[in-house]
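Below is one structure; the comments refer to it alone.
The values are calculated or read from the model by the stated rules, or taken from the named source; none is laboratory data. What you are looking at is a predicted structure, and each value in this text was computed from that prediction instead of being measured. Cβ atoms come from the backbone with ideal geometry, glycine included; neighbour counts cover every protein chain shown.
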Amino acid sequence: MPNQGFTPLQHVVGFSLIGRDERFTVELILLLFTMAVGFALRRRHWLLDASTFWMFAVAFGCDLIAPLTERVVFVWQVLGAAASVAFFWAIILLLMNLADAGMRRGREHFSTILRDVVTFGLFTVIVLVALWADFGVNPVSLVVTFGAASVVVGLGLQETLGNIFSGLTLQLQPPFTAGDWVKTGNNVGRVQGVRLRSTAIITRANERLEIPNSVISKDVLVNYSQNAVADEISVGIADNVAPNRARDVILRVLHDLPHVLPHPPPEVLAWEYGDASIRYRVKFWISEFALQEEVHADVVANLWYALRRHAMDIPGPTRTIELRQPVHHHAGEAAYEHEIIAAFRELYFLRELPDNELRMIVPSVQIHQFGAREVLMRQGEEGETLYIIRRGTVEVLLKGADGHERRVNTLSRPAFIGEMALFTGEPRTATIRALSDVEVLELNRDGFTRLFKQHPEAATAITEVVAERQAQNAAELKRDDGVQQATVRRHWVIERIRTIFDLD
């Protein structure tokens, strides 16, 4: 019934305390404002969405029209009830948007089923209160009538209701949380959230799958996000390679990959004999399933480079026999030797040696290839080799006091790395990792030992140059008392080179 021209909403918000003209002006301003905001937010995803303000606009619009229909009691009641329901519904949407914002903070994925159920329940309560207050409908009788009707409706919506209750079960006793990587049936993906009817999963191909909640509740579900995840590859290596040697090379590859966990330790098992090969099962663990494909590809690629560097063949299923006339490679060998000697000239400690002395080092030189993200040498490890970069780029990493590595430099041709480990036996002072495919010349102690034995004067020259360079570096690092520190360092380097190469 009309109450002095006031609608229920005007009583609730206090508009009944002001005059009729003032009420009309205020509600008209609110109507225009909420419509403008709703229009501005119609295609944007901010803290509040457009539907909240459209609902406010509906409430104020119905409330403005209601006084014009006071003489038609039923229409006045319907418009007044609609205004109240729309207003409180907008309040609920506003609160739910704020709750969503809190859930989304710092999270890419989250479930909405509880929010949807709570929203539906509050809306039902609002409608029942409006029917009771404005039309005198008994809520108890309405619930009983609705319950009887719901039995009939429920038979037709059995599958939908099953999905809703399965979704609530997944929320009350969750086998996963939003953002976890899971496998259900033949589907693997990251859970985006549980909704009323289905659970959304984003696959690796960025496909969105809507899997019914009842299907997930009945099927076996694998959650990859709880602990370390194991991955496995197999590789066949020629049977003339000792299994322990092959195992050491494979473990080194796994150790140098940053996303392969040291604990649990990787496993390399000599599994079975093949055609001229032994097949190895390589099992390793990663911390995050999202990286599985990337890490798997890195293991396969880096293992190819490592096996190639160590002259370990991966026999194929076919055999090719080539019949050729003998070819003389004297011209090619001379060009190769000339290229290697030219590379030697780029090293400060070999620059002044004559060609006949440099040729004695050439037979011990090996050419190696490293794949992107492979580690050429690691900080703190022992080493007896020097690398001259011929192609590609590497990064220099230093481990800080916090245990984390940081990049301090990048190197490319004609840079070289590792001369102090070669000449003095010092541990590697930095980690060197390939940024792209890298080709290097490897110089070891055997070639220098041969050179020093036959040309002692070369040993003296190299020793002096290396010691002088290291003394200068020490002086740069310790500018206070630099001369004294440089002198001490110089004598130490000379003694280490004499000891390692057994020089008099």
Single condition I388 does not satisfy, out of (1) part of a strand (DSSP E or B); (2) at pLDDT below 90: (2)
Residue tally, condition surrounded by 14 or more Cβ atoms within 10 Å (Cβ to Cβ) and in contact with a helix residue (DSSP H, G or I) (Cβ under 8 Å, 6 or more places away or on another chain), over the range 256-265: 4
Residue in the range 363-384 that is farther than 24 Å from D446 by Cβ, free of Cβ contacts under 8 Å to residues at least 24 places away in the same chain, surrounded by fewer than 18 Cβ atoms within 10 Å (Cβ to Cβ) and not charged (D, E, K, R) present: no
Pairs with Cβ under 9 Å, 6+ apart, first in the range 274-290 and farther than 30 Å from G189 by Cβ, second surrounded by 15 or more Cβ atoms within 10 Å (Cβ to Cβ) and basic (K, R): Y280/R247
Single match in L358, L376, L350, L307 (criterion: farther than 30 Å from Y273 by Cα and modelled with pLDDT of 90 or more): L376
Cross-chain or 6+ apart pairs with Cβ under 7 Å, the range 180-201 first and free of Cβ contacts under 8 Å to residues at least 40 places away in the same chain and within 15 Å of L291 (Cα to Cα), then part of a strand (DSSP E or B) and polar (S, T, N, Q): V188/T203; G189/T203
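For the condition in contact with a Gly (Cβ under 9 Å, 6 or more places away or on another chain) and surrounded by fewer than 16 Cβ atoms within 10 Å (Cβ to Cβ), what is the one hit in D219, D248?
D219
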Residue match in the range 14-25 (condition: in the same structural domain as L93 (by TED's automatic domain parsing) and at pLDDT 80 or above): yes
Residue satisfying condition, being at pLDDT 80 or above and either assigned by TED's automatic domain parsing to the domain that holds F123 or out of contact with any strand residue (DSSP E or B) (no Cβ under 9 Å at 6 or more places or on another chain) (or both), within set A50, A40, A83, A57: A57
Test: residue in the range 180-191 that is surrounded by fewer than 19 Cβ atoms within 10 Å (Cβ to Cβ) and part of a helix (DSSP H, G or I): no
Pairs, first within 12 Å of F370 (Cβ to Cβ) in the range 434-460, second basic (K, R), C-beta under 6 Å, six or more apart: E439/R390; E439/R391
Boolean, V408 is of a type outside the set (K, R), surrounded by 16 or more Cβ atoms within 10 Å (Cβ to Cβ) and in the same structural domain as L435 (by TED's automatic domain parsing): no
In the range 220-238, the residues that are modelled with pLDDT under 90 and within 29 Å of A276 (Cβ to Cβ): none
From V282, V235, V253, V268, residue being assigned to a helix (DSSP H, G or I), under 17 Å from W304 (Cα atoms) and in contact with a helix residue (DSSP H, G or I) (Cβ under 8 Å, 6 or more places away or on another chain): V253
Matching residues, the range 400-409, being out of contact with any Lys or Arg (no Cβ under 8 Å at 6 or more places or on another chain) and in contact (Cβ under 8 Å) with a residue 12 or more places away in the chain: R407, V408, N409
